[in-house]
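Visitor: Below: one structure in structure tokens.
The values are calculated or read from the model by the stated rules, or taken from the named source; none is laboratory data. The structure displayed is predicted, hence computed values, not measured ones. Cβ placement follows ideal geometry from the backbone for every residue including glycine, while neighbour counts extend to all protein chains displayed. We work out accessible area using only protein heavy atoms, side chains counted, and drop any ligands, DNA or RNA first. Shrake-Rupley method; radii C 1.70, N 1.55, O 1.52, S 1.80 Å.
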Amino acid sequence: MLPRNVFLTAAIFLLTAFSASAQGILPKAFAGWSQSGLGSFSPSQSGADDHVAEAIAKEYEFASGEHATYTRGADSLDVTLYKMNDPSGAYGEYSFLRTPDMPRADLGEHSSISPTRALVLVGNAVLDIHGRSLPRLDAALKSLATAVGKSVHQGPLPWIGSRLPADNMIQRSDHYILGPVALNRFFPLGDDDWLGFSHGAEAETAQYQVGGKTATLLLADFPTPQIASDELSRLEKRFNVNGSNSGAGAPLFAKRTVTMLEMVMGASTQAEAGPLLNQIESGTQVTWNEPTFQFKEPSIEMMIVGSIVGTGVICGFTLIAGLAFGGFRLVVKRALPNKVFDRTDQIQVLQLGLSSKPINAEDFYQLDRNAVPDVDVDKSLPDRVALRLFR
């Protein structure tokens, strides 16, 4: 039996190795700042509404988290890192954490900053930084984002946010949604999955100034136009969409554009919601005017005429080819007798030995028979019928 301290040592070693492998994204130091503490992080530790923050992070596929404290002289920074499974989930978590009082920053393509807080989207991770006078630490925060970028996965971000109309939009009010908990936070219609995230939906919400009031626009994109159409029909039965169910609460105004479903909450009439809905264009284009092949069977008259013409063309080609070949052969034989064709050292002729006359290749192409010289034939040779091969 092994001693007890052996098992204790092995357990400590495994826990240390696991902790080192799971918490290796935040750097030990950057731009003169040194790490003074590092630990794991869970969204349930984020502060108010812990259970909601944890549920939303789960919808964005939260994988792991890190928290570290950095110091430089008397200054300190608290840095929290949210690591998601992919950049789309990280973008959603970034849009959830960002608040309207955090204007756009120059720390990355998607970054925001206030005097005491900064958010930076880096690949499939989000940096949540707390400190004092953060705008003056612009260079140091960029260095931190660059160091983190070396240990995370990069990838494409959702495109649906680019379809939001820019006119009259309240700045930093847009949020990328991947689940019903986050949707109910920014577009409250129900706690359940009433939009259809289980069918592959992704959504984006934003607030607009419409008719002197604040209205919320919801864009939802589905895998196919059929799913989007079915979801709109289901929403019209449950909610007061386009006046379909006046007893179901406040009016909602919606329309479908190919695979995208658009809905406005907060507008009083269709005239107020219409200009906002009409600005939205889907990223998918379906056309029905593509050229197609149409087979048409020819008439019997055309088939008969075509057969006759085709046969004549083939016969004419055969006649021309035969004359060309024969004429070429005769011209060559006239110009170069026994030099190209019918050379006596290569010709092979089967002959019945009825006479002793030698074979001359020119006999086969001689036009003037009177010009053929007489050949003496030995009459004393016995008559015989034999098959001779002359070369």
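Visitor: If a residue must be part of a helix (DSSP H, G or I), open to solvent by less than 40 Å² (accessible area, probe 1.4 Å) and more than 15 Å from E204 (Cα to Cα), how many such residues does the range 256-277 contain? So that I can check it myself, show each step before the final result.
Guide: Initial filter on the range 256-277 (part of a helix (DSSP H, G or I)): 270-277.
Among the residues that remain, those that are also open to solvent by less than 40 Å² (accessible area, probe 1.4 Å) are: 273-274, 276-277.
Keeping just the survivors that are more than 15 Å from E204 (Cα to Cα) gives 273-274.
So the answer is 2.
Visitor: Then there's this: Report, by residue number, each residue of the range 35-82 that is open to solvent by 70 Å² or more (accessible area, probe 1.4 Å), under 22 Å from L121 (Cβ atoms) and of a type in the set (G, A, S).
Guide: S40
Visitor: If you take the residues in the range 127-139 that are buried (at least 18 other Cβ atoms within 10 Å of the Cβ) and among the hydrophobic types (A, V, I, L, M, F, W, C), which one is nearest to F96 (Cα to Cα)?
Guide: L127
Visitor: For the range 83-114: of the residues being under 16 Å from R172 (Cβ atoms) and in contact with a Pro (Cβ under 9 Å, 6 or more places away or on another chain), which is surrounded by the fewest Cβ atoms within 10 Å (Cβ to Cβ)?
Guide: Here is the first cut: in the range 83-114, the ones under 16 Å from R172 (Cβ atoms) are 91-114.
Now drop any that are not in contact with a Pro (Cβ under 9 Å, 6 or more places away or on another chain), which leaves 91-93, 105, 112-114.
Values: Y91: 22, G92: 28, E93: 30, A105: 19, S112: 23, I113: 21, S114: 15.
If we take residues in the range 83-114 being under 16 Å from R172 (Cβ atoms) and in contact with a Pro (Cβ under 9 Å, 6 or more places away or on another chain), then S114 is surrounded by the fewest Cβ atoms within 10 Å (Cβ to Cβ).
Visitor: While we're looking at this one, here's another question. So, T214, is that one in contact with a His (Cβ under 7 Å, 6 or more places away or on another chain) and β-branched (V, I, T) or not? Show your work before the answer.
Guide: Details: in contact with a His (Cβ under 7 Å, 6 or more places away or on another chain): no; β-branched (V, I, T): yes.
Taking the combined requirement at face value, the residue does not satisfy it.
Visitor: Going through the range 113-136 one residue at a time, which ones are under 30 Å from the mean Cα position of the chain (by Cα) and part of a strand (DSSP E or B)? Steps first, please.
Guide: Applying the first criterion (under 30 Å from the mean Cα position of the chain (by Cα)) to the range 113-136 yields 119-127.
Scanning the range 113-136 gives L119, V120, L121, V122, A125, V126, L127.
Visitor: I need the full set of residues from the range 222-255 which are under 32 Å from the mean Cα position of the chain (by Cα), small (G, A, S) and either surrounded by fewer than 15 Cβ atoms within 10 Å (Cβ to Cβ) or assigned to a helix (DSSP H, G or I) (or both), in order please. Steps first, answer last, please.
Guide: Filtering the range 222-255 down to residues under 32 Å from the mean Cα position of the chain (by Cα) leaves 222-235, 254-255.
Now narrow it down to the ones that are small (G, A, S): 228-229, 233, 254.
Passing the criteria: A228, S229, S233.
Visitor: Return a yes/no flag: does the range 159-176 have any residue that is under 17 Å from D86 (Cβ atoms), open to solvent by less than 10 Å² (accessible area, probe 1.4 Å) and part of a strand (DSSP E or B).
Guide: First pass over the range 159-176, keeping only residues under 17 Å from D86 (Cβ atoms): 159-161, 176.
From the residues that got through so far, the ones that are open to solvent by less than 10 Å² (accessible area, probe 1.4 Å) too are 160, 176.
Now narrow it down to the ones that are part of a strand (DSSP E or B): 176.
Looking through the range 159-176, at least one residue is under 17 Å from D86 (Cβ atoms), open to solvent by less than 10 Å² (accessible area, probe 1.4 Å) and part of a strand (DSSP E or B).
Visitor: Right, another one. Name the residues in the range 202-211 that are out of contact with any His (no Cβ under 8 Å at 6 or more places or on another chain) and at pLDDT 95 or above, would you?
Guide: Residues of the range 202-211 that are out of contact with any His (no Cβ under 8 Å at 6 or more places or on another chain), as a first pass: 202-203, 207-211.
Correct list: E202, A203, Q207, Y208.
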